[in-house]
Amino acid sequence: MKKSDFLTLDSLSLQDFDGNSELIPLMTPEDEAAINNEELPESLPILSLRNTVLFPGVVIPITAGRDKSIKLINDANKGSKVIGVVAQKDETIEDPSAKELHHVGTVARILKVLKMPDGNTTVIIQGKKRFALDQVVQEEPYIRATVKEVESVNPKKDKEFRAIIETIKEISLQIIKESPNIPSEASFAIKNIESDGFLISFISSNMNLTVPEKQKLLQIGNLKERALETLRFLNIEVQKLTLKNDIQSKVQTDMNKQQREYFLNQQLKTIQEELGGVNNDQELEEMKTRAKSKKWNEKVAKHFNKEIAKLQRMNPQVADYSIQRNYLDLFLDLPWNEFSKDKFDLKRAMKILDRDHYGLDDVKKRIIEYLAVLKLRNDMKSPILCLYGPPGVGKTSLGKSIAEALGREYVRISLGGLRDEAEIRGHRKTYIGAMPGRIIQSLKKAGTSNPVFVLDEIDKLSNSNQGDPSSAMLEVLDPEQNKEFHDNFLEMGYDLSKVMFVATSNSLNTIQPALRDRMEIINVTGYTIEEKVEIAKQHLLPKQIEEHGLKAKDIKIAKPQLEKIVEGYTRESGVRGLEKQIAKMVRYAAKNIAMDEAYNVKITNDDIVEILGSPKLQRDKYENNDVAGVVTGLAWTSVGGDILFIESILSKGKGNLSITGNLGKVMKESATIAMEYIKSNADEFGIESGIFDKYNVHIHVPEGATPKDGPSAGVTMLTSLVSLFTQKKVKKSLAMTGEITLRGKVLPVGGIKEKILAAKRARIKEILLCEDNRRDIEEIKPEYLKGLTFHYVSDMKDVIKLAITNKKVSNFKSIK
């Protein structure tokens with residue numbers, strides 16, 4: 001139902017522009033009966049209505065804008081004030097003919113005519129009774145037609161009809177109550193209407209119906225049928241109103257919530273500005289916009305929305321604000337589920353590895369195997385590789401080559417001396433200046449979630465009262481745990497399973513056993529002299545020429561000269577020291593070019609001595625064994641393989657054993673074992689047992705400033721003591737390594753390749769090893785073994801047979 005004209009029910013106040021008003025009484029049953037008894041005039045001027053239908057007894061205002069309509073109203077107002085009102089079939093027609101009007105209309109009486117300021121005429125009319133058009137009498141200046149009355153069938157006042165009328169009243173009152181646009185006074189009017197016909201007409205006139213629907217109601221002659229149809233429309237109306245109110249209620253609740261939040265946010269913003277803060281709406285909106293493009297899952301998105309809401313509520317002046325903002329910046333910068341595409345061209349990968357590194361075949365083979373499996377499966381947990389070897393052999397730079405071969409981003413973290421667990425796991429946000437750990441920071445810089453991560457110097461992690469970083473690395477390097485790596489600052493699990501970790505280490509002894517167990521150890525051994533010369537020629541010399549601003553034509557160093565530099569000025573398994581010596585050679589050329597001085601472009605041996613000085617590293621060359629008790633041993637050090645000399649001497653005394661040379665506990669025990677074994681087997685070695693109580697034995701290992709330890713020198717000490725007691729020379733150009741037992745067994749030792757390389761540098765010809773070390777020799781390339789003869793033993797008696805000659809020393813004196 002609609003608002004219009006409800007105030008006309010009990011009394012309609014019509015106020016014109018002069019301030020006059022007249023009251024029109026409500027239609028009573030008597031008035032309705034009187035109207036029904038009135039006779040219709042023979043003809044009536046017909047007023048066409050565009051958008052409404054007039055019902056008997058109802059008062060409505062009509063605005064007339066058409067010239068015909070205005071003239072009709074003026075003429076009728078001067079005369080009988082009775083007109084016929086009929087609805088148009090098509091409201092868009094400006095000047096309808098009689099055929100374009102509905103057949104049934106309503107006789108109306110003009111109550112008031114008002115002239116409006118815009119030139120239109122407003123007329124207040126009241127319906128009388130229904131009629132039907134008969135014949136058109138005139139078309140101009142307006143339509144006039146003869147009419148005939150449409151009879152109405154009034155039902156008996158039975159219980160059914162009364163129930164229909166009461167239901168209409170109840171539903172109408174319900175609509176008035178629930179509709180906010182209908183004034184509450186309308187309910188009083190509905191209650192006070194006594195005439196059933198007028199009640200039906202009034203409600204039909206004010207319902208939200210289309211003109212055809214209202215016209216249909218007007219044309220129904222039987223009042224009971226009209227009441228039922230009206231009731232049907234009322235039921236539809238009340239259903240629509242209920243649905244509308246439900247929707248509005250929900251919308252209103254949402255709007256109230258939004259308005260409340262908006263109001264509170266505006267208040268918060270004002271308070272922050274008053275406290276000297278800054279309006280950060282733009283920054284927050286930028287964060288929200290960036291968040292829409294992130295590839296994170298629902299859990300991460302929910303956490304981010306929660307944290308950004310927390311930032312929105314914070315005062316920018318408090319210390320936690322900057323931490324929270326940094327936290328959200330980190331969240332947006334991290335490459336959640338963003339991966340670079342791997343390149344599976346294995347031949348290209350092999351070329352890159354060969355281009356950047358000479359040798360290292362085992363490492364290259366493992367990388368190609370990994371790429372092959374990844375290519376076939378296309379989804380594999382990245383391995384945790386640990387490149388183990390001496391300094392300067394290219395472990396770190398190998399990681400960079402792996403990244404290029406895979407087409408991944410390269411990230412390097414130096415772990416040397418790291419002693420704070422927070423460097424790995426990050427700090428909690430509760431601390432001022434909190435930051436994420438190095439793992440998360442490096443992923444942020446890489447921009448992808450699958451880079452190649454080089455963990456440099458993992459063996460040099462230390463612990464302190466700030467925690468144990470090596471234990472924190474367990475979660476990083478465990479394929480079963482790093483899928484949800486927890487950073488204290490990030491407060492969420494981050495997937496590291498697609499990261500390829502490459503650790504580097506100089507020693508395995510200092511790596512925590514649990515951490516070592518999670519890595520695949522790949523031994524990166526030292527280089528031979530030949531390999532060093534090739535590396536210097538292909539990599540080091542061109543690199544230094546470029547770094548010093550020279551051209552290849554400015555300095556040339558041939559292979560013999562490079563070999564002289566390697567042998568005389570470097571003593572290492574790697575090539576870092578060699579690169580420094582080559583840099584000196586290049587600086588020599590750069591100085592002469594800058595000073596316009598003449599120099600030899602092609603470097604000679606004399607130039608090397610002039611630039612680098614006399615060869616400094618001749619002490620690792622083989623020394624003769626003319627003195628009894630001097631034996632050459634092979635040792636492994638942190639910088640690769642080396643040779644060492646075991647010296648022993650006798651002096652008058654009571655059989656005491658002295659050991660010097662900065663030796664560790666294990667090495668001293670090896671000397672004790674060797675001494676006791678000789679005592680128990682003196683007859684077999686041709687030694688009188690009585691001399692052990694008459695002489696003191698002193699064993700010394702030169703270079704006492706260097707700590708030495710390990711079981712590898714057992715056979716060397718045994719040979720030295722036997723040579724001393726028998727005063728027989730040790731075989732020339734022979735070196736040995738191996739562990740001994742009291743039972744007389746020789747046990748295998750490690751670091752064989754490094755020891756072999758050291759022997760070649762020292763011009764050793766023969767090497768004595770344990771039988772079980774034969775497999776280590778078989779794994780070494782034949783070209784590395786060129787010029788070497790190997791003797792494999794399993795018993796200490798075999799060692800003496802092979803090592804000790806029958807030749808006495810020149811100053812031999814019998815020992816008794």
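So here's what we get for this one:
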read-out: Flag for Leu540 being among the aliphatic types (A, V, I, L, M) and within 36 Å of the chain's Cα centre (by Cα); value: no
read-out: Residue match in the stretch 94-105 (condition: among the hydrophobic types (A, V, I, L, M, F, W, C), more than 60 Å from the chain's Cα centre (by Cα) and not in a strand (DSSP E or B)); value: yes
read-out: Failed item, numbered, when Asp495 is tested on (1) modelled with pLDDT of 85 or more; (2) surrounded by fewer than 18 Cβ atoms within 10 Å (Cβ to Cβ); (3) more than 28 Å from Lys444 (Cα to Cα); (4) not β-branched (Val, Ile, Thr); value: (3)
read-out: Count of residues meeting criterion [part of a strand (DSSP E or B) and farther than 20 Å from Lys214 by Cβ] in the stretch 113-130; value: 5
read-out: The lone exception for Ile110 - which of (1) loosely packed, with under 14 Cβ neighbours inside 10 Å; (2) in a strand (DSSP E or B) it fails; value: (1)
read-out: Residue match in the stretch 462-481 (condition: buried (at least 19 other Cβ atoms within 10 Å of the Cβ), under 20 Å from Lys295 (Cα atoms) and either not assigned by TED's automatic domain parsing to the domain that holds Tyr431 or not small (Gly, Ala, Ser) (or both)); value: no
read-out: Residue within the stretch 380-402 that is surrounded by fewer than 22 Cβ atoms within 10 Å (Cβ to Cβ), more than 27 Å from Ser462 (Cβ to Cβ), out of contact with any Cys (no Cβ under 6 Å at 6 or more places or on another chain) and of a type in the set (Val, Ile, Thr) present; value: no
read-out: Segments classed as helices (runs of 4 or more DSSP H), wholly inside the stretch 277-355, with at least 1 members that are over 23 Å from the mean Cα position of the chain (by Cα), surrounded by fewer than 18 Cβ atoms within 10 Å (Cβ to Cβ) and of a type in the set (S, T, N, Q); value: 281-292
read-out: Ile143 surrounded by 15 or more Cβ atoms within 10 Å (Cβ to Cβ) and either under 20 Å from Gly57 (Cβ atoms) or touching a Phe, Trp or Tyr at 6+ places or on another chain (Cβ under 9 Å) (or both); value: no
read-out: Within the stretch 697-816, strands (runs of 3 or more DSSP E) holding 1 or more residues that are touching a Phe, Trp or Tyr at 6+ places or on another chain (Cβ under 6 Å); value: 766-770
read-out: Yes/no for Val153 being farther than 22 Å from Leu231 by Cα and of a type in the set (Val, Ile, Thr); value: no
read-out: Pair list, Cβ under 9 Å, 6 or more apart: the stretch 572-595 residue farther than 17 Å from Lys551 by Cα and of a type in the set (S, T, N, Q), other residue surrounded by fewer than 21 Cβ atoms within 10 Å (Cβ to Cβ) and modelled with pLDDT of 90 or more; value: none
read-out: Scan of the stretch 453-492 for residues that are touching a Gly at 6+ places or on another chain (Cβ under 6 Å) and either among the aromatic types (Phe, Trp, Tyr) or closer than 21 Å to Thr396 by Cβ (or both), ordered by number; value: Val454, Glu457, Lys460, Phe489
read-out: Search result, residues across the stretch 242-257 that are at pLDDT 80 or above and either touching a helix residue (DSSP H, G or I) at 6+ places or on another chain (Cβ under 8 Å) or hydroxyl-bearing (Ser, Thr, Tyr) (or both); value: Thr242
read-out: Cβ-Cβ under 9 Å pairs, at least 6 apart or on other chains, the stretch 740-761 side outside the structural domain of Thr716 (by TED's automatic domain parsing), far side at pLDDT 85 or above and surrounded by fewer than 24 Cβ atoms within 10 Å (Cβ to Cβ); value: none
read-out: Which numbered condition Asn181 fails, given (1) assigned to a loop (DSSP other than H, G, I, E, B); (2) out of contact with any Lys or Arg (no Cβ under 8 Å at 6 or more places or on another chain); (3) not hydrophobic (A, V, I, L, M, F, W, C); value: (2)
read-out: Residue that is under 22 Å from Leu218 (Cβ atoms), among the aliphatic types (A, V, I, L, M), assigned by TED's automatic domain parsing to the domain that holds Ala132 and at pLDDT below 85, where the choices are Leu49, Leu12, Leu23; value: Leu12
read-out: Residues satisfying the stated conditions in the stretch 371-402, i.e. touching a strand residue (DSSP E or B) at 6+ places or on another chain (Cβ under 8 Å) and free of Cβ contacts under 8 Å to residues at least 60 places away in the same chain; value: Lys400
read-out: Criterion (surrounded by 18 or more Cβ atoms within 10 Å (Cβ to Cβ), farther than 30 Å from Lys351 by Cβ, among the charged types (D, E, K, R) and free of Cβ contacts under 8 Å to residues at least 40 places away in the same chain) met by exactly one of Arg425, Arg438; value: Arg438
read-out: Residues satisfying the stated conditions in the stretch 515-537, i.e. part of a helix (DSSP H, G or I) and either surrounded by 14 or more Cβ atoms within 10 Å (Cβ to Cβ) or at pLDDT below 85 (or both); value: Leu515, Arg516, Ile529, Glu530, Glu531, Lys532, Val533, Glu534, Ile535, Ala536, Lys537
read-out: Filtered residues of the stretch 479-514 (kept if part of a strand (DSSP E or B), farther than 20 Å from Trp636 by Cβ and β-branched (Val, Ile, Thr)); value: Val502
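The values are calculated or read from the model by the stated rules, or taken from the named source; none is laboratory data. Since this is a predicted model, take the numbers as computed values, not measurements. We place every Cβ from the backbone using ideal geometry, glycine too, and count neighbours over all the protein chains shown.
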